[in-house]
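Chemist: Below you'll find the structure I mean.
The values are calculated or read from the model by the stated rules, or taken from the named source; none is laboratory data. Predicted, not measured: the structure shown is a model, and the values here were computed from it. Backbone-built Cβ (ideal geometry, glycine too); neighbour counts: all protein chains shown.
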Ligand code: ADP
Ligand code: MG
């Protein structure tokens with residue numbers, strides 16, 4: 001049994017489509033689960049139900065085997081951290097961190113010790129007396145995290161905690177946040193709409209769309225086997241093309257025809273094909289030979305230097321496909337090229353795209 005179990009939970013605010021639909025999820029002790037999905041897919045609603053701020057229409061939420069249905073929010077012992085941090089700008093960092101402990105009526109010596117420990121944990125011990133209004137945008141989320149952790153919650157929920165920060169700051173803080181949560185062994189649900197952040201922070205990821213959880217798994221598993229075209233797109237894969245299955249089982253698409261190694265698609269089916277960005281071979285396209293399977297003939301649009309690799313954009317029949325090249329690349333935008341992709345880089349979706 002998992003520490004937290006969300007069992008078939010649904011919630012509607014109105015007669016519209018439900019905000020959360022039949023969601024089931026388990027979270028293990030000490031695990032960081034990232035809830036990933038586009039804006040409006042129901043992430044905050046799910047968190048609020050777990051926190052007890054919203055009542056599910058259906059389903060149950062269990063913690064340590066106990067039904068939380070009748071347990072009010074403050075008795076659940078869960079912590080929350082929000083995107084706006086909700087800090088008191090004119091109070092000191094120390095007072096902000098002490099906030100939850102004062103609510104618990106913790107005795108002064110213990111409270112002081114606890115605040116110092118939390119400030120050290122987030123590496124802000126030297127700023128304890130500073131007003132929150134006078135610390136940097138990178139320090140404020142650390143104060144918010146210290147404040148959320150101070151009362152020792154049994155579960156911490158972070159709702160897009162770095163969503164308001166610029167990219168550089170976010171990239172640093174996401175790693176810090178993971179390290180801090182791991183150091184104290186916190187069980188956490190970390191909500192984000194950014195796949196880079198989810199991959200960096202989560203032990204496991206749950207991808208949501210339109211109120212439902214579409215796929216749950218470890219980052220590598222999701223990356224290797226996104227369960228639907230929606231998940232693939234959301235994880236950053238660009239090359240999704242529509243096609244159908246030919247008599248011989250090959251996949252016919254506007255960008256070429258493809259043979260998959262480990263699947264036997266049903267002839268006649270409409271499919272979506274995911275072509276992962278790795279290139280097996282690349283050559284000038286002389287058009288002299290007929291196009292072999294698992295190749296793509298297109299026009300090179302742009303080559304973007306990314307440090308360790310090149311991002312290669314290719315136009316084919318109205319699709320803009322994206323590849324990554326790690327070796328030499330003697331081509332220029334405007335060139336006609338032929339790319340070969342390995343069948344291991346192909347994933348087929350027979351169901352309708354979500
Ligand atoms: P997310 O956090 O993933 O952006 P939310 O849980 O905030 O998604 O919202 C899910 C859906 O529920 C959205 O369509 C949103 O408009 C709706 N919604 C959220 N909160 C309320 C509310 N208090 N009243 C009515 N509709 C709401
Ligand atoms: Mg939200």
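Chemist: Any residue at all in region 4-21 that is under 21 Å from residue 152 (Cα atoms), touching a residue at least 12 places away in the same chain (Cβ under 8 Å) and more than 10 Å from ligand 1 (Cβ to nearest atom)?
Modeler: yes
Chemist: Suppose we filter 191, 207, 231 for residues that are within 17 Å of the chain's Cα centre (by Cα), under 28 Å from residue 51 (Cβ atoms) and either away from ligand 2 (no atom under 16 Å from the Cβ) or surrounded by fewer than 18 Cβ atoms within 10 Å (Cβ to Cβ) (or both); which single one remains?
Modeler: Going through 191, 207, 231 in turn, the sole match is 231.
Chemist: Show me the strands (runs of 3 or more DSSP E) entirely contained within region 4-77 in which 3 or more residues are buried (at least 21 other Cβ atoms within 10 Å of the Cβ) and in contact with a strand residue (DSSP E or B) (Cβ under 9 Å, 6 or more places away or on another chain).
Modeler: 4-11, 20-27, 32-36
Chemist: Okay, moving on. Considering only residues that are in a helix (DSSP H, G or I), within 18 Å of residue 37 (Cα to Cα) and touching a helix residue (DSSP H, G or I) at 6+ places or on another chain (Cβ under 6 Å), which ones fall in region 162-202?
Modeler: Across region 162-202, the qualifying residues are 174, 197, 199, 200, 201.
Chemist: Filter region 78-87 for residues that are surrounded by 14 or more Cβ atoms within 10 Å (Cβ to Cβ) and closer than 16 Å to residue 100 by Cβ; which is nearest to ligand 1 (Cβ to nearest atom)?
Modeler: Filtering first and then ranking leaves 82.
Chemist: Restricting attention to region 52-70, does a residue exist that is within 16 Å of ligand 2 (Cβ to nearest atom), modelled with pLDDT of 95 or more and under 22 Å from the mean Cα position of the chain (by Cα)?
Modeler: No, because not a single residue in region 52-70 is within 16 Å of ligand 2 (Cβ to nearest atom), modelled with pLDDT of 95 or more and under 22 Å from the mean Cα position of the chain (by Cα).
Chemist: Kindly list the number of the only condition in (1) assigned to a strand (DSSP E or B); (2) within 15 Å of ligand 2 (Cβ to nearest atom) that fails for residue 215.
Modeler: Checking residue 215 against (1) assigned to a strand (DSSP E or B); (2) within 15 Å of ligand 2 (Cβ to nearest atom), the one that fails is (2).
Chemist: List the number of the failed condition for residue 48; all other conditions in (1) at pLDDT below 95; (2) within 16 Å of ligand 1 (Cβ to nearest atom) hold.
Modeler: The single condition residue 48 does not satisfy is (1).
Chemist: What are the residues in region 269-290 that are out of contact with any helix residue (DSSP H, G or I) (no Cβ under 8 Å at 6 or more places or on another chain) and closer than 13 Å to residue 253 by Cα, if any?
Modeler: Correct list: 269, 270, 271, 273.
Chemist: Could you check how many residues of region 22-44 are in contact (Cβ under 8 Å) with a residue 60 or more places away in the chain and within 16 Å of ligand 2 (Cβ to nearest atom)?
Modeler: 12
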